[in-house]
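My structure is below; once you've seen it, I'll send some questions.
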Amino acid sequence: MKIWQRLICTCRRRSPWLFHMNSGSCNGCDIELVAALSPRFDAEQLGVRLEGSPRHADIMCVTGPVTRNAVSAIKTVYGQVCHPKAVVAIGSCPATTNVFIDSRTLAGPLEKHIPVDVFVPGCPPRPDAILQGVAKAAEILAERGMKPPDSATTPAVEEAQR
Amino acid sequence: MNLLTALARLLVFPGLLFAVPAAWFFLWVERKAVALMQERIGPPFMQPFFDFVKLLAKRTPPRQGIGGMLMRAWPLIAVSGAAGAVGLLPVLPSSGGFEGDLILLLALLELPSMCIIAAGFSSRSIFGEIGSAREAALSVSYNIVFLLAILSVAASQHTFRLETLAALPASPLRWLGIAAILVCLPAKLHINPFSLPNAEQEIYAGPMTEYAGPELAMWELAHGLEWVAGAGLVATLVAPHMAIGGLAAMLFIALSFVLVLLLSTLAAATARLAIDTTVRFYWRCTLIFALLAISSALFMRFRS
């Protein structure tokens, strides 16, 4: 049993699949995330795959300062990512709402709505910093998988069918 | 073919015990070839295995308003169909077989794509439905060419028995049929330029959008097994007859590997075509060659 658990832990660490969620970003961080997958940085060496559906993903990468419109979408998508999951906040916007602070169209920062595991600061952060953040999140993910899902830290989110 | 050899072929070689690691290997070759074409290093060798185990250990979310049993059944049927198809391949000399096993092989090869169509519709996701509709349109267009090509190969050599077909020397007509099968393989394996059903970035993941955890792992495995079966079918038709079992197996693996490499390179070098272009390509451009192959095969048969 122990060997099987260790194997699963290794597999989770070596195969983080990402879902990219834009919550009103200026596109700067989005481009850097794509650059991390490009030939120069090649995130696939870490087993990273950018997935189209949140159901396939392990790590949710959020960019942007979380606009009021995006809140329900973020919660729905967070609910659709299956346990075990981790959240990486890319850029300064989801961490602090950055230069958009005090804007009446924002409901940020991200941590008010869903639990965040790794913050990657920068405006925008460099692709290698994003990769480091994803690698760290993958380690957190592997440890988290050993425990059953904690209902206290998981906000109640309804599953959207469509 | 007695029960023991049938079981050995289904479970050991070229069945599950060989086919599952081979499926992972081919999935890795596919990703690595794309990476090398894009001047990247690409995923580590064990990556498809890591992905599979990780997905197996994930939790499937509760889904309201969807037939859970059906959703769970489709990937399993797809995996068993593809594994059965691999098990039927006449890799080893004198490994048995029965009259008409080519027809069973074709039916089993078609099973995964049927399951994909059904899975997309039963997931009730709009992206799944679009993906399934595309898969159905694609399947109708390439299958006519595919089936005619295989029929021409079988008719030119007077047999529907795979083992006899593999043992006979290749005639020029058979090469024409093999070329037609090769044109259909990218569509059968849903790779570029015919990656329409699971068009990522376009309709998310198509029929697989709502699948997660162990079910998704089974879909990945089914895709890998389709690679083994599709490449293996061409490899057995191309390979010259070998009397020694080990040598035949090595040749089979080497030929399949070369095929997977070629198809992955094609996938990396091309972009996705639109559905109407794809359907037109199969109906207008390739159907003529398939008809030519089958008519000449029948003509030769009546003359002899």
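The values are calculated or read from the model by the stated rules, or taken from the named source; none is laboratory data. Keep in mind that this is a model prediction, so the values were computed, not measured. Positions of Cβ are generated from backbone atoms using ideal geometry, with glycine treated the same way; all protein chains shown enter the neighbour counts. Only protein heavy atoms, including side chains, enter the accessible area calculation; ligands, DNA and RNA are left aside. Shrake-Rupley method; radii C 1.70, N 1.55, O 1.52, S 1.80 Å.
Which order do peptides A:135-144, A:47-56, B:194-203 fall in by mean Cβ count within 10 Å, highest first?
The most tightly packed comes first, giving A:47-56, B:194-203, A:135-144.
Suppose we keep just the alpha-carbon trace of segment A:2-137; what are its Rg and Dmax in angstrom?
14.7, 52
Quick one: which residues, 5+ away or cross-chain, put their amide H under 5 Å from the amide H of residue A:87? H built at 1.01 Å from N.
Under 5 Å from the amide H of residue A:87 lie the amide H atoms of A:60, A:117, A:118, each far enough along the sequence or on another chain.
Give me the residues in segment B:31-65 whose solvent-accessible area, probe 1.4 Å, is reduced by at least 50 Å² once all protein chains are included instead of the chain isolated.
B:31, B:40, B:50, B:53, B:54, B:57, B:58, B:59, B:64
Could I ask something else about it? Can you tell which of B:96, B:192, B:290 lies farthest toward the positive end of the dipole of segment B:3-303, using +1 and -1 charges on the Cβ of basic and acidic side chains (Lys, Arg; Asp, Glu)?
Of the listed residues, the answer is B:290.
Per residue of B:211-223, count partner chain C-beta atoms within 10 Å of its C-beta, then hand back the mean as an integer. Working shown, then result.
On the way: counts 3, 8, 4, 0, 1, 6, 0, 0, 0, 0, 0, 0, 0.
Rounded to a whole number, the mean comes out at 2.
With a 1.4 Å probe and every protein chain left in place, work out the accessible area per residue of chain B in Å², rounded to a whole number. Could the numbers behind the result be given before it?
Working: 12640 Å² over 304 residues.
On a per-residue basis, 42 Å².
With only Lys, Arg, Asp and Glu charged, each at its Cβ (+1 for the first two, -1 for the last two), find how big the charge dipole of the protein assembly as shown is about the Cα centre; round to the nearest 20 debye.
So the dipole magnitude of the protein assembly as shown works out to roughly 260 debye.
Could you estimate the translational diffusion coefficient of segment B:1-132 from the Stokes-Einstein equation, with Rh from the Kirkwood formula over C-alpha pairs, at 4 °C and 1.567 mPa s, in whole µm²/s?
Taking Rh from Cα pairs, D becomes 75 µm²/s.
Multiply the residue separation of residue B:257 and residue B:104 by 0.36 nm, subtract the distance between their alpha-carbon atoms, and state the gained length in nm to one decimal.
The residue B:257-residue B:104 span can extend by a further 52.6 nm.
Arrange the residues B:256, A:103 by how much accessible surface each exposes, largest first, with a 1.4 angstrom probe.
Most to least solvent-accessible, the answer reads A:103, B:256.
Among the listed pairs A:85/B:58; A:2/B:54; A:75/A:112; A:85/A:136; A:2/A:85; A:85/B:32, which are separated by more than 18 Å between their Cα atoms?
A:2/A:85; A:85/B:32
Also: Note down the Stokes-Einstein diffusion coefficient of segment B:43-118 in µm²/s, whole number, using a Kirkwood radius over alpha carbon pairs, 10 °C, and 1.306 mPa s. List each step's numbers first, then the result.
Details: Rh = 15.2 Å.
Rounded to a whole number, D works out at 105 µm²/s.
For the residue pair residue B:175 and residue A:128, what label-to-label distance in nm results when each label sits 7 Å from Cα along the Cα-to-beta-carbon direction?
Inter-label distance under the simple model: 5.3 nm.
May I ask for the percentage of alpha-carbon pairs in segment A:97-139 that lie more than 17 Å from each other?
For segment A:97-139, the fraction of Cα-Cα distances above 17 Å is 46 percent.
Right, here's the next one. Å³ per residue of the Cα convex hull, for the protein assembly as shown? Spell out each step's value before the answer.
Values: hull volume 67.6 nm³, N = 466.
Dividing the Cα hull volume of the protein assembly as shown by its residue count gives 145 Å³.
If you don't mind, another one. Determine the shielding of peptide A:50-62 by partner chains: average, over its residues, the number of Cβ atoms on other chains within 10 angstrom of each Cβ.
The mean count of partner-chain Cβ atoms within 10 Å per residue comes to 5.
Over segment A:2-137, what is the relative contact order in whole percent, taking alpha-carbon pairs under 8 Å and six or more residues apart?
Relative contact order for segment A:2-137 comes out at 27 percent.
Go through B:185, B:16 and list them by solvent-accessible area, largest first, probe radius 1.4 Å.
Descending order: B:16, B:185.
Follow-up question, since we're still on this one. As an exercise, use a Förster radius of 56 Å and the Cβ-Cβ distance of residue B:201 and residue B:11 to find the FRET efficiency, rounded to the nearest 0.05.
Using R0 = 56 Å, I get an efficiency of 0.90.
Here is a further query. Compute the Kirkwood hydrodynamic radius of chain B, taking the inverse of the mean of 1/r over all pairs of distinct Cα atoms, and give it in Å to one decimal.
Every distinct Cα pair counted, the radius reaches 19.8 Å.
Would you list the membrane-span-like helices of chain B, meaning whole DSSP H runs whose alpha-carbon atoms span at least 27 Å along their axis and whose mean Kyte-Doolittle value is at least 1.6?
B:101-122, B:245-269
Compute the FRET efficiency between residue A:101 and residue A:34 as 1/(1 + (r/R0)^6), taking r as their Cβ-Cβ distance and R0 = 22 Å, and round to the nearest 0.05. Let's see the in-between values first.
Numbers: r = 27 Å, r/R0 = 1.21.
So the FRET efficiency works out to roughly 0.25.
Nearest 0.05, what FRET efficiency do residue A:146 and residue B:265 give at R0 = 60 Å with Cβ-Cβ as r?
So, using R0 = 60 Å, E works out to roughly 0.90.
Sticking with this one: Could you sort B:4, B:151 by their accessible area in this structure, using a 1.4 Å probe and putting the largest first?
Largest accessible area first, the residues go B:4, B:151.
In degrees, nearest 10, range 0 to 90: what is the angle between the Cα axis of helix A:70-80 and the longest Cα principal axis of chain A?
10 degrees
Counting Lys and Arg as +1 and Asp and Glu as -1, each charge on the Cβ, what is the dipole of segment A:2-137 about the Cα centre in debye, to the nearest 20?
Taking the Cα centre of segment A:2-137 as origin, the dipole is about 500 debye.
Now for a separate question. For segment B:3-303, give the percent of accessible area contributed by carbon and sulfur heavy atoms, probe 1.4 Å, rounded to a whole number.
Numbers: 9340 of 12350 Å².
Of the solvent-accessible surface of segment B:3-303, carbon and sulfur hold 76 percent.
Show that you can apply the helix-only estimate: for the protein assembly as shown, add -39,500 (n - 2.57) for every DSSP H stretch of four or more residues, divide by all residues, and state [θ] at 222 nm to the nearest 500.
-19000 deg cm²/dmol
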